Amino acid sequence: MNSKFIVVEGLDGAGKTSAIEQVVASLHYHGINNLVFTREPGGTPLAEALRKLIKKAMEYEQITDRAELLMFYAARVQLVESIIKPALARGAWVIGDRHDLSSQAYQGGGRGIDKKLLKTLHDIVLKNFSPHLTLYLDLPAPMGLGRALAREKLDRIEVESLAFFNRTRARYQELAAADARIVTIDASRPLEQVSATIRSCFEQWLNAQETQQ
Ligand code: Z5A
């Protein structure tokens with residue numbers, strides 16, 4: 001099968017780590033072992049430096065919404081051009097922990113940045129590059145935040161209000177409903193059930209890809 005770019009998306013604490021494990025298990029089962037893993041923001045020295053800047057609150061300066069958006073895109077374009085596209089070109093499958101949908105949901109929905117600006121930026125920076133499949137893990141914001149809180153110290157974005165995460169989730173849901181390449185998974189259920197659904201959805205998609213080729 002030709003290489004593909006698979007992305008896992010969702011609110012903080014949605015369970016992306018375990019979802020990626022399911023995707024990897026399926027790929028191995030199908031004999032696909034040439035895998036590259038990415039996370040956003042991050043994945044190159046520049047993008048990791050931007051990740052630190054994005055996640056940490058600055059002492060004397062408030063990061064503006066548009067500056068934040070541009071940092072996410074700077075990190076993304078660096079990752080796409082220097083890691084993702086070359087990996088796909090040499091036949092590897094790329095598994096992404098977040099990609100452009102995060103900006104559409106967090107900066108578009110959460111921060112309320114207008115859709116026109118987001119679309120322009122997307123079109124200029126990424127052109128027609130997009131994932132072959134996105135698994136969107138959907139869950140109520142308080143549940144995701146609860147899981148994240150139990151685990152670590154919250155970063156600059158994680159301390160946003162519940163209203164911010166509700167808007168982010170609503171935008172995720174809206175975008176997922178409008179795009180056949182985004183599969184929504186109910187991530188509010190117990191881990192074993194979520195994992196089983198991910199495994200079967202992904203297997204179904206993989207089988208469809210195999211038949212198409
Ligand atoms: N962001 C943005 O605003 N715009 C963008 O364009 C991009 C990102 C790309 C990245 O931070 C932040 O940047 C993120 C979005 C924003 N901020 N927020 N908020 P990150 O990379 O550090 O954080 P993250 O991507 O949200 O990762 P995470 O915190 O690790 O979330 P996760 O991967 O979904 O969580 P997990 O580690 O898989 O699971 C969390 C815990 O829940 C863990 O203990 C699991 O065992 C448990 N879990 C998972 N599933 C279940 C179920 N089903 N039941 C019970 N417990 C479960």
Would you say A57 is open to solvent by less than 70 Å² (accessible area, probe 1.4 Å), over 20 Å from R167 (Cβ atoms), more than 10 Å from the ligand (Cβ to nearest atom) and modelled with pLDDT under 95? yes
Taking the residues in region 131-173 that are touching a residue at least 60 places away in the same chain (Cβ under 8 Å) and more than 12 Å from the ligand (Cβ to nearest atom) as candidates, determine which candidate is farthest from V8 (Cα to Cα). A170
Out of (1) more than 14 Å from the ligand (Cβ to nearest atom); (2) under 15 Å from the mean Cα position of the chain (by Cα), the odd one out for G31 is which? (2)
List every residue pair whose Cβ atoms sit under 7 Å apart, with the two residues 6 or more apart in sequence or on different chains, where the first one lies in region 14-42 and is over 20 Å from R76 (Cβ atoms) and touching a residue at least 60 places away in the same chain (Cβ under 8 Å) and the second, anywhere, is open to solvent by 30 Å² or more (accessible area, probe 1.4 Å) and among the charged types (D, E, K, R). Q22/R199; S26/R199; S26/E203
Can you tell me which residues in region 66-105 are within 14 Å of the ligand (Cβ to nearest atom), part of a helix (DSSP H, G or I) and of a type in the set (V, I, T)? V77, V80, I84
Residue identified as closer than 16 Å to T134 by Cβ and of a type in the set (K, R) among K16, K56: K16
Taking region 168-213 and the residues there that are of a type in the set (G, A, S) and in a loop (DSSP other than H, G, I, E, B), the one that is least open to solvent (accessible area, probe 1.4 Å) would be A187
Looking at K4 and the list (1) surrounded by 15 or more Cβ atoms within 10 Å (Cβ to Cβ); (2) charged (D, E, K, R); (3) over 30 Å from E192 (Cα atoms), which single condition is not satisfied? (3)
Yes or no: region 194-212 includes at least one residue that is at pLDDT below 95 and within 16 Å of the chain's Cα centre (by Cα). no
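Among what's in region 43-60 and is among the aliphatic types (A, V, I, L, M) and in contact (Cβ under 8 Å) with a residue 24 or more places away in the chain, pick the residue that is nearest to N207 (Cα to Cα).
A47
Inspect region 43-53 for any residue being touching a strand residue (DSSP E or B) at 6+ places or on another chain (Cβ under 7 Å), open to solvent by less than 50 Å² (accessible area, probe 1.4 Å) and within 22 Å of K153 (Cα to Cα) and give the result as yes or no. Before the answer, list the steps.
Quick first cut of region 43-53, residues touching a strand residue (DSSP E or B) at 6+ places or on another chain (Cβ under 7 Å) only: none.
Within region 43-53 (the criterion being touching a strand residue (DSSP E or B) at 6+ places or on another chain (Cβ under 7 Å), open to solvent by less than 50 Å² (accessible area, probe 1.4 Å) and within 22 Å of K153 (Cα to Cα)), the answer is no, since none of the residues qualifies.
Would you call I63 in contact (Cβ under 8 Å) with a residue 40 or more places away in the chain, part of a loop (DSSP other than H, G, I, E, B), over 28 Å from E174 (Cα atoms) and touching a helix residue (DSSP H, G or I) at 6+ places or on another chain (Cβ under 9 Å)?
Values: in contact (Cβ under 8 Å) with a residue 40 or more places away in the chain: yes; part of a loop (DSSP other than H, G, I, E, B): yes; over 28 Å from E174 (Cα atoms): no; touching a helix residue (DSSP H, G or I) at 6+ places or on another chain (Cβ under 9 Å): yes.
No; evaluated as a whole, the condition is false for this residue.
The values are calculated or read from the model by the stated rules, or taken from the named source; none is laboratory data. Keep in mind it's a predicted model, so treat the numbers as computed, not measured. Reconstructed Cβ throughout: ideal geometry from the backbone, glycine too, with neighbour counts over all protein chains shown. For the accessible areas, the whole protein counts, side chains as well, though only heavy atoms, and no ligand, DNA or RNA atoms are used. Shrake-Rupley method; radii C 1.70, N 1.55, O 1.52, S 1.80 Å.
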